[in-house]
Structure formats: structure tokens, C-alpha cells
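The values are calculated or read from the model by the stated rules, or taken from the named source; none is laboratory data. Quantities reported herein were computed from a predicted structural model and do not represent experimental measurements. Heads up, the Cβs are rebuilt from the backbone with ideal geometry, glycines too, and the neighbour counts pull from every protein chain shown.
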Amino acid sequence: MAAEREHGALRVRRLRKVFGERTVLDEVDLDLAPGEFVGLLGRSGSGKSTLLRVLAGLDTGYTGEVRTPGTVSVAFQEPRLLPWRKVGQNVALGLRRPDAAEAAARALGEVGLSGHADAWPLTLSGGEAQRVSLARALVREPELLLLDEPFGALDALTRLTMHRLVRELWLAHRPSVLLVTHDIDEALRLADRILVLADGPKLIEHSAAEHRTEGADLAHLRELVLADLGVIDHEPAL
């Protein structure tokens, strides 16, 4: 079954995905409002990336209802740049518009890589390559942006820089964003709503925006998410 495209919010109902005898996703319901930033957490093998692949239209072997907006873009953990094409050509890849090169250059400028259109991918650092991947996703002006652990391979300082950049770009363009991550602090820092794909599997929801609005310490929310993941976060006794 292919995901249906429609203008507006993401809607998933009774999504079920099975690999052999193993049920990875079972009766999953999910909604994203236009312009909403949601973080999706879960243990390894919980089905996070499987869910993202279904939403991206990369996996059609499921049952249930999936309705996505008209334009969907994906940025993966690996930048997946074509080494035989220059950076600008990678960003414009598959872009069907007469000003594709100019649009790619503007997107590169937005991610802080002005003047890199003629560079080769192999000359880029890991952080720069991930910025190119992000530019390639944003140049399509998506209504839904799917981020599949895009910062996992970056060092800590580069990751923080990318967090700020993604937040700024989201505020500027306001796509709906679903960020799949293993990093709880990353999700708390970026997302306004946290979803945990827990045992069952089922989705457990928390509002990070509500905690920020109330001025509450996000440490309590972090403990709740850890508990959902089956992790008890105890401080060592002194």
C-alpha cells in the first residue's frame, strides 16, 4: 500500500508492519499538525526508522492508512551525496524547475555553505556534508521534513551547531518535522512534542513545549521519557 498524498497535516491510522513473523509496528496512530516539530524516540529495533520509511514512501509493505502532505523530503544519518556530482548538483538532484541551480545555491546559502556549489563532496567535512543533505531536503520546500538520525555521526560540537541551524531553518520555513533520534536531549532541545515508540509497540506522547511554557525544568520530562524507554536514571550514591 502506498502512502496517500494530501495538503496539510500528517495522518496515520492503524499502521501495521510485519517482517516475517515479527510485528514491528502494530496499530500505530500518528498525527502531525502543519508546522509542528515532533521528536520520535525508541530503543534500537523499535520500528522508528521503519515508520519513517513508510512516511517517506520508501516502504509500501504495510496495512493501515497513511496520509502525507504533497511534498515530503528526507535527510538521513548518512548524507548520501553522489561523489561524482558537485555539491550544487547534489542539492538540485531531481529538482524539476528552470532555476534549479539558483535554487540550490540559495539553499546552500541558508545552511551556511555559500560558494560551495562547485566543490566536490569528498572535500567536505562530516558537518558540511550533512548541511548539504539538509539543503537538498529543504530546496524542495517540503510540507513534511523527515529527519532520520541526521546528527548521529557528528561530533558533539558540530551536532550542537546543527541543532541550532535546524531550529532556525524550521522557524524560517515552518514545515512539519518528524525527527527520529536515539538522543533524548536532542529531542528535548529541538521538538515541541516527544513521542516514544515503546514496547507493544505503542506511541507514548509528551509535550516539551508545555514544559518550556511553564518554565519547568526539562529534567523531569527527561526522566519520564527514560522510564518510557525502560531506563531508570539513578544518580550514583556518594
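Brief remarks follow.
- Check on Arg43, touching a Gly at 6+ places or on another chain (Cβ under 8 Å) and either at pLDDT below 85 or farther than 22 Å from Trp170 by Cβ (or both): yes
Each row is one residue, and each column tells you yes or no for (1) at pLDDT 90 or above; (2) closer than 18 Å to Arg43 by Cβ; (3) aromatic (Phe, Trp, Tyr); (4) not in a helix (DSSP H, G or I).
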residue	(1), (2), (3), (4)
Trp170	yes, no, yes, no
Val196	no, yes, no, yes
Gly230	no, yes, no, yes
Glu235	no, no, no, yes
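- Residue within the stretch 74-83 that is under 27 Å from His182 (Cα atoms), of a type in the set (Asp, Glu) and either at pLDDT 90 or above or not in a loop (DSSP other than H, G, I, E, B) (or both) present: no
- Check on Leu55, more than 14 Å from the chain's Cα centre (by Cα) and either surrounded by 15 or more Cβ atoms within 10 Å (Cβ to Cβ) or within 24 Å of Pro142 (Cα to Cα) (or both): no
- Odd one out for Ser114, checked against (1) in contact (Cβ under 8 Å) with a residue 40 or more places away in the chain; (2) assigned to a loop (DSSP other than H, G, I, E, B); (3) more than 26 Å from Arg222 (Cα to Cα): (1)
- Sole exception among (1) crowded, with 17+ Cβ neighbours inside 10 Å; (2) under 26 Å from Lys17 (Cβ atoms) for Glu205, by number: (1)
- Residue match in the stretch 172-181 (condition: touching a Leu at 6+ places or on another chain (Cβ under 6 Å), farther than 25 Å from Arg14 by Cβ and not acidic (Asp, Glu)): yes
- Considering the stretch 7-32, the residues that are in a loop (DSSP other than H, G, I, E, B) and surrounded by 13 or more Cβ atoms within 10 Å (Cβ to Cβ) include one that is modelled with the lowest pLDDT, namely Gly8.
- Selection count, the stretch 91-111, where residues are of a type outside the set (Gly, Ala, Ser) and part of a helix (DSSP H, G or I): 5
- Any hit, the stretch 35-46, residues being among the aliphatic types (A, V, I, L, M) and in a loop (DSSP other than H, G, I, E, B): no
- Among residues of the stretch 126-164, those that are assigned to a strand (DSSP E or B) and more than 19 Å from Leu41 (Cα to Cα), counted: 0
- Residue in the stretch 62-77 that is charged (D, E, K, R) and within 28 Å of Asp185 (Cβ to Cβ) present: no
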